Amino acid sequence: MTANKDVTQLDILANYYSQDGAFGAPQGGYGTELLQNIAGLVVVTVPLDSNSSLGVGVGVDYYSSASTDRIDRQLSTASSNDVRKYGSVTYTERRLGEGRTYRATVGTSQEYDVSSFSGGVGFSQEWDRGAQELTLTGQVFVDQWKLIYPIEFRRTGFGDRGPLPTDVRQSYVLSAVYSRIVNRRVQMALTAEFAALQGLLSTPFHRIYYVGNADQTLDANDIERLPDTRYKIPVSLRINWKPNDVLVLRSFARYYADSWGVRGASAEAELAYDVGEAWTVMPFARVYTQTGARYYDGFARHTAAASFYTSDFDLATFQTYKAGLGVRFAPVFGLRRGVIASQVLTWREVSLRGAFYRRDPGLTAFSLTLGTGFDIRRRPSLKNTDL
């Protein structure tokens with residue numbers, strides 16, 4: 001929330017992401033995972049008064065995917081690329097005398113085969129002069145899919161199994177965050193979440209090949225089928241340690257479990273080092289390990305006797321490694337100032353963040369994120385200024 005009621009904040013992010021792998025789920029868990037994504041996000045936070053603000057976020061993702069291009073088995077088809085458009089509006093009200101903050105959010109996301117709508121409310125309570133805070137949040141997501149099946153099933157049908165029974169997914173998420181300033185050097189936050197998903201939890205165009213049918217030029221035996229309910233319970237701990245005035249160590253650990261048998265644990269560390277008054281250098285690294293879902297098996301390893309099955313490697317057993325470097329330039333008085341239509345525009349900061357990612361086995365990726373921010377303030381009137 002913007003602290004100054006006269007300042008509107010404008011933040012802009014742009015991201016490029018590229019990956020390549022060997023376990024494409026639209027091809028039954030074997031084949032290219034080549035994907036490129038270009039994303040842009042603009043967030044505007046407007047103070048309504050000294051206690052409340054309105055935030056509006058609008059974003060666009062454009063991706064090109066060789067994996068989904070195999071839905072029809074013909075390259076350069078309509079499924080090879082897509083555009084996702086999304087937006088959200090958040091109202092925040094802070095009651096300083098009571099140490100309470102209220103939030104309400106609505107959002108939507110639209111792409112070729114999925115339309116999503118979301119809503120949420122949040123409540124925060126501070127005490128001990130702001131040294132401790134508890135935040136409770138509830139969110140609801142409703143997704144409706146256009147059921148696009150692999151081309152062979154559009155021609156011949158599904159046999160006894162039939163098509164997927166629904167095209168709607170509902171997700172309900174509850175979270176609690178307890179944060180505390182331990183002392184002037186250490187801050188921590190503990191987060192617990194519970195998510196319940198219901199409805200369409202499989203992807204319509206993910207193929208399944210049975211044992212003995214290991215030729216991708218042949219028709220698949222079925223499509224991915226998964227239970228229509230799933231429960232997720234992640235917990236995480238964040239600790240920030242500032243040993244001196246120019247160095248901050250940010251550490252993060254998370255454990256995840258769900259009702260499909262997936263178990264995951266991650267550890268992440270970032271070092272923020274101030275190089276002079278304006279420059280900050282931020283190297284970071286992350287390690288994640290996961291045990292797969294009970295419904296997962298690889299290409300041509302499933303049998304017709306199974307009630308549920310998937311060859312989506314996101315539900316497999318694997319490890320991932322991520323490392324990168326961020327740089328931020330944020331002078332005390334901003335990079336530049338100017339006046340536009342009686343508004344004082346301050347270019348606040350600019351940042352660049354690059355990361356390399358590897359999934360073991362079978363995938364490598366690279367991402368580059370450029371961010372910048374502006375403060376917009378009404379130009380002071382000279383009528384009451386002493387000359």
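The values are calculated or read from the model by the stated rules, or taken from the named source; none is laboratory data. Source: prediction; values computed, not measured. So basically every Cβ, Gly included, is an ideal-geometry build from the backbone, and we count neighbours across all protein chains shown. Ligands, DNA and RNA are stripped out before the accessible areas are found, and what is left, the full protein with its side chains, is counted by its heavy atoms. Shrake-Rupley method; radii C 1.70, N 1.55, O 1.52, S 1.80 Å.
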Expressed in nanometres to one decimal, the distance between label points 7 Å along Cα→Cβ at A131 and Q170 is 4.4 nm
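Using the Kirkwood radius over C-alpha pairs as Rh, can you work out the diffusion coefficient of region 280-361 via Stokes-Einstein at 37 °C, viscosity 0.692 mPa s, in µm² per second?
On the way: Rh = 17.2 Å.
After rounding, the answer is 191 µm²/s.
Using DSSP to call loops (not H, G, I, E or B), can you name the trypsin sites (Lys or Arg not before Pro) in region 105-194 whose Cβ has at most 10 other Cβ atoms within 10 angstrom? Kindly include the intermediate steps, with their values, before the conclusion.
Numbers: sites: R129, K146, R154, R155, R161, R169, R180, R184, R185; in loops: R129, K146, R161, R184, R185.
When the trypsin sites (Lys or Arg not before Pro) of region 105-194 are filtered for loop state and at most 10 Cβ neighbours within 10 Å, R129, R184 remain.
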Quick one: which residues, 5 or more positions from Y30 or on another chain, have an amide H under 5 Å from its amide H? H modelled 1.01 Å from N in the peptide plane, none for Pro or chain starts.
G24
Past 26 Å, Cα to Cα: identify those pairs from K242/K322; K5/K85; K5/K242, in the order given.
K5/K85; K5/K242
Net charge contributed by nearby residues that have their C-beta within less than 13 Å of Y30 (K/R +1, D/E -1)
-1
Reported to two decimal places, what Rg/Rh ratio describes region 192-268 when computed on Cα atoms with Rh from the Kirkwood expression?
1.25
Around Y231, what is the net charge, scoring Lys/Arg as +1 and Asp/Glu as -1 over all other residues with Cβ under 13 Å from its Cβ?
-1
Helix-only mean residue ellipticity at 222 nm for the chain, each DSSP H run of n ≥ 4 adding -39500 (n - 2.57), per residue, nearest 500:
-500 deg cm²/dmol
Scalar couplings 3J(HN,Hα) for region 88-102 by Karplus 6.51 cos²θ - 1.76 cosθ + 1.60 (θ = phi - 60°), nearest whole Hz, x for Gly and Pro, are 8, 10, 10, 9, 10, 10, 10, 9, 4, x, 9, x, 10, 9, 10
Note down the relative contact order for the chain as a percent, whole number, built from C-alpha pairs under 8 angstrom at least six residues apart.
14 percent
Run the numbers on region 273-387 and let me know its relative contact order in percent, using alpha-carbon pairs under 8 Å that are six or more apart.
23 percent
Can you bin every Cα-Cα distance in region 1-126 into 10 Å intervals starting at zero and give me the percent of pairs per bin, rounded to whole numbers?
12, 29, 25, 17, 12, 4, 0
Hey, what do the phi angles of region 47-64 turn into as Karplus ³J(HN,Hα) couplings, whole Hz, using 6.51/-1.76/1.60 and θ = phi - 60°, x for Gly and Pro?
x, 8, 7, 6, 10, 9, 8, 10, x, 10, x, 9, x, 9, 10, 10, 10, 10
Karplus 3J(HN,Hα) series, Hz, for region 190-195 with 6.51 cos²θ - 1.76 cosθ + 1.60 (x for Gly, Pro):
10, 10, 10, 10, 9, 10
How far apart, in nm, are two points set 7 Å out from the Cα along the Cα-to-Cβ line at T217 and at F123?
6.4 nm
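If you roll a 1.4 angstrom probe over the protein chains with everything in place, what fraction of the accessible area of the chain belongs to carbon and sulfur, to the nearest %? Numbers along the way, then the final one.
Values: 12340 of 21280 Å².
Looking at the chain in its full context, I get 58 percent from C and S.
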Local charge sum around F123 (other residues, Cβ-Cβ under 12 Å, Lys/Arg +1, Asp/Glu -1)?
0
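Give me the accessible area per residue for the chain, probe 1.4 Å, as a whole number in Å².
55 Å²
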